[in-house]
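Here is the structure we will look at, set down as structure tokens.
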Amino acid sequence: MSKVLIIEDEPMLRKLLERVVQMVGLEPVSVSTGAEGLALASSDNPSLIITDLCLPTPPSNAELVMALRQARPDCPIVVTTGYSIGNLDTRLRALGAVYFLEKPFDLFTARSLIAAALPDSAARSSSSPSSS
């Protein structure tokens, strides 16, 4: 089963994202810090990475996105944020973020974005009945 790495410091949002990932038939792997996420991105071979933009400890923000991109050059990255994407969009895309999920988000929006961000091979390996 393909894995999705979730880097989110807020426990409720982390649980929500885990549920959404399970809904699309993938295995969530969750951590609360950028350092833990970066270590897992390098060793766990996720099919998708979802990271909060603003984490309380380094690496965070653009630094984390850049480090994740270096660790996993071909892995799609979804950035979640409570701030307006506006000016961040161009800069984060240049650093390797591909998708953005603005907080607050609902299950349907998160599920649709995660499904769209998944590489074809991860989507094909998803055999959960809840993924349709």
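The values are calculated or read from the model by the stated rules, or taken from the named source; none is laboratory data. This one's a predicted model, so the numbers in the text were calculated from it and none came from an experiment. When we count neighbours, we look across all protein chains shown, and the Cβ atoms used for this are built from the backbone with ideal geometry, even at glycine. To get the accessible areas, we keep the full protein, side chains included, count just its heavy atoms, and leave off ligands, DNA and RNA. Shrake-Rupley method; radii C 1.70, N 1.55, O 1.52, S 1.80 Å.
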| remark: Measuring from its Cα centre, region 47-119 shows a charge dipole (+1 at each Lys and Arg Cβ, -1 at each Asp and Glu Cβ) which, in debye to the nearest 20, is 100 debye
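Using a 1.4 angstrom probe on heavy atoms only, work out the carbon and sulfur share of the accessible area of region 1-106 in %.
Values: 2630 of 5010 Å².
Reported share for carbon and sulfur atoms: 53 percent.
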| Taking the structure as given and computing volume of the Cα convex hull per residue in Å³, which label from (1) 111; (2) 90; (3) 102 fits? | (2)
| request: Rounded to the nearest 10 degrees, what's the angle between the helix 61-71 long axis and the longest principal axis of the chain, both from Cα atoms, 0 to 90? | output: 60 degrees
| message | Nearest 10 degrees is fine. How inclined is helix 86-95 to the longest principal axis of the chain, computing both from alpha carbons? | response | 80 degrees
| request: Show that you can apply the helix-only estimate: for the chain, add -39,500 (n - 2.57) for every DSSP H stretch of four or more residues, divide by all residues, and state [θ] at 222 nm to the nearest 500. | output: -13500 deg cm²/dmol
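How big is region 1-73 by the Kirkwood estimate over distinct Cα pairs, in Å?
On the way: mean 1/r = 0.0837 Å⁻¹.
Hydrodynamic radius (Kirkwood, Cα pairs) of region 1-73 is 11.9 Å.
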| Inter-label distance for TYR83 and ALA116, nm, one decimal - labels placed 7 Å from Cα along Cα-to-Cβ | 2.3 nm
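In what sequence, highest mean first, do 33-40, 70-77 appear when ranked by Cβ atoms within 10 angstrom? Can you show the working numbers first?
Numbers: 33-40: 19.8, 70-77: 16.4.
Peptide ranking by packing, descending: 33-40, 70-77.
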| message | Modelling each spin label as a point 7 Å along the Cα-to-Cβ direction, I'd like the THR109/ASP44 distance in nm, to one decimal. | response | 2.5 nm
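Taking the Cα centre of the chain as origin and charging only Cβ (+1 Lys, Arg; -1 Asp, Glu), how large is the dipole, in debye to the nearest 20? Intermediate results must be reported in sequence, preceding the final value.
Working: 11 positive and 14 negative charges, 45 e Å.
Magnitude of the dipole: close to 220 debye.
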